[in-house]
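Novice: Dropping the structure in here first, questions after.
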Amino acid sequence: MLTLVDQSNREVLQGAMERAAARISPAWPLDRSIAVNPYWGFVGQPTQEAAAEVGALSGSRLTAPRDWLARRFGAGAFTEGHVRRAAALAGRPEEAADALASLSEEQTPTAVCRLMSDVIDETRTTKRLAPWREFVIESVSSACATYRGEGQATWAPTGAAGLYAHWRSLARVDAGPRLLMGFKGFGKVAGALADQPLDAIHDGLVLLGVPENAYDTYLTALLMDVSGWASAFAFTRWEARLHGGDDDLIIELLAVRLAWEVILYRSEPAEELDARWSAAKAEWEHLPAALERSQRADWLLQRAVELAYQDDLAGALEGPRAAAPKAAVQAVFCIDVRSEVFRRALEAQDPTVTTLGFAGFFGLPIAYHAANGASRPQLPGLLAPAIGARSPGSC
């Protein structure tokens, strides 16, 4: 179990780490893959507020691109009347004119919370070296892949106790930063970090001067920077807790990503970096609200597109209906996004082929244990198997 030395802000830090980890949507492995909303961790917030916060943390967006909306408007897919209805439904009728005017304006890029790697990249002029952010993501991903390769990794784990310790053992002998990025002494700097992951997180936040009220923002942004592995480790935590246990891989991943921030900070002259880093930190608090304001017109336009579609659909449903051809083949599928491609392909073969969706679970709460030792749950991924079944003759 991870421990943290006694610190005055222990509870604050623990809470911030847990909230940051909880904001990452788990990604189920391919053999049990289920569709997961990437905004799962923000389910308690209104849609537009959650979209702005995630946008400020990662650069993602929920609204359609402005040029796409403009093309749809120009093609008559929705009208000024739809925009005015959308504004009225939102309780902001006075904003309809601004939304219509925005269709001819260029969309400004989404402002994102800058990390230490971003701040340093902004002043790097050499063209022969990769951006630090790209290099860091690649390095962290390689360490994760060797630690949790699931039999696919070329390198075996180092035997270190935990992902963070595994990464440090690799970092001490890693020549990549020197050869590829011109960073001399990388192994020595990595070796000087705290031994325990939570101590490393605490020390990093203190060194980088991150205020307590910004812990949630900064730690979440770090995890979203390596979102693939963060989602994979959010799943291992989900699964462990589903069975009454726990898993701290996502916290160790956070320690690794924050360790890179510390290493990069120590690699630059402080007098040149501190002012730029202070400016980046000062932006974090205001970016979500600023992004939400800048997207108000986009949300109204997107709502107008939806209203236009609803109008067309309602008109089609109210009109006369042609008699459906008698089905020659009828197939029932589970309601799941993975089934949709099969349903569409099957129905496209002939107009007399129809499919239906059924919400149900075709099975029992069983985990199948194969003779080779592999275990595969035979029930929906959100549930834990209550019993196990083995092949005849297997142990």
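Novice: Mind listing the long-range amide H neighbours of Arg390? Cut-off is under 5 Å, sequence gap 5 or more, other chains count too, H placed in the peptide plane at 1.01 Å from N.
Specialist: His369
Novice: Among Leu291, Ala316, Val305, which residue has its Cα positioned farthest towards the positive end of the charge dipole of segment 287-346, with +1 placed on the Cβ of Lys and Arg, -1 on the Cβ of Asp and Glu, and the dipole taken about the Cα centre?
Specialist: Working it through, the farthest residue towards the positive pole turns out to be Ala316.
Novice: Leaving out ligands, DNA and RNA, and with a 1.4 Å probe, what % of the accessible surface on the chain is carbon or sulfur?
Specialist: Reported share for carbon and sulfur atoms: 56 percent.
Novice: Using the Cα centre as the reference, give the magnitude of the dipole from point charges on the C-beta atoms of the chain (Lys, Arg: +1; Asp, Glu: -1; all else neutral), rounded to the nearest 20 debye.
Specialist: Here the chain has a charge dipole of around 1100 debye.
Novice: Order Thr236, Thr108, Thr123 by their accessible area, 1.4 angstrom probe, all chains in place, largest first.
Specialist: Reading off the accessible areas and sorting them downward yields Thr108, Thr123, Thr236.
Novice: So, one more: Please work out the average accessible area per residue across the chain, using the 1.4 Å probe convention, and give it in Å².
Specialist: About 55 Å² of surface per residue is accessible.
Novice: Further question on the same structure: Between Ala52, Ala359, Ala275, which gets the highest mean-square fluctuation from a Gaussian network model of the chain, Cα cutoff 10 Å?
Specialist: Highest fluctuation of the listed residues: Ala359.
Novice: Go ahead and set up a Gaussian network model of the chain, Cα springs under 10 Å, then flag whichever of Arg66, Arg114, Arg92 fluctuates most.
Specialist: Of Arg66, Arg114, Arg92, the most mobile in the Gaussian network model is Arg92.
Novice: Might you work out the accessible area of Glu283 for me, using a 1.4 Å probe with all protein chains in place, and round it to the nearest 10 Å²?
Specialist: Number for this one is 70 Å².
Novice: What are the principal axis extents of the Cα atoms in segment 242-294, in Å, biggest first?
Specialist: 48, 37, 11 Å, listed from the longest principal axis down.
Novice: Here's something else I'd like to know. Over 19 Å, how big is the tail of the calculated P(r) for segment 89-137, in percent of all Cα pairs?
Specialist: Summing the P(r) of segment 89-137 above 19 Å gives 55 percent of all pairs.
Novice: With point charges of +1 on the Cβ of Lys and Arg and -1 on the Cβ of Asp and Glu, referenced to the Cα centre of the chain, which listed residue (Val36, Ala64, Ala359) lies farthest in the positive direction of the dipole?
Specialist: Ala359
Novice: Round to a whole angstrom and tell me the spacing of the C-alpha centers of segment 209-254 and segment 324-371.
Specialist: 36 Å
Novice: Of Leu287, Leu57, Leu364, which has the largest mean-square fluctuation in a 10 Å C-alpha GNM of the chain?
Specialist: Among Leu287, Leu57, Leu364, the largest mean-square fluctuation in the Gaussian network model of the chain belongs to Leu364.
Novice: Ok, one more. Please report Rg (one decimal) and Dmax (integer) in Å for the Cα set of segment 6-100.
Specialist: 19.6, 64
Novice: Sort segment 129-279 into rounded, prolate or oblate with this rule: let a ≥ b ≥ c be the square roots of the eigenvalues of the Cα gyration tensor; rounded if a/c is under 1.5, and if a/c is not under 1.5, prolate when a/b is larger than b/c, oblate otherwise.
Specialist: oblate
Novice: Is the shape of segment 285-331 rounded, prolate or oblate, going by the alpha carbon gyration tensor and its root eigenvalues a ≥ b ≥ c, with a/c under 1.5 for rounded and a/b larger than b/c for prolate?
Specialist: It comes out oblate by the Cα gyration axes.
Novice: Let me ask something else about it. Checking the a/c ratio against 1.5 first, then a/b against b/c, what shape does the Cα gyration tensor give for the chain?
Specialist: It is oblate, given that a/c is not under 1.5 and a/b is not larger than b/c.
The values are calculated or read from the model by the stated rules, or taken from the named source; none is laboratory data. Every value quoted in this text rests on a predicted model; they were computed, and no experiment measured them. FYI the Cβ positions are ideal-geometry reconstructions off the backbone, even for glycines, and counts take in every protein chain you see. We work out accessible area using only protein heavy atoms, side chains counted, and drop any ligands, DNA or RNA first. Shrake-Rupley method; radii C 1.70, N 1.55, O 1.52, S 1.80 Å.
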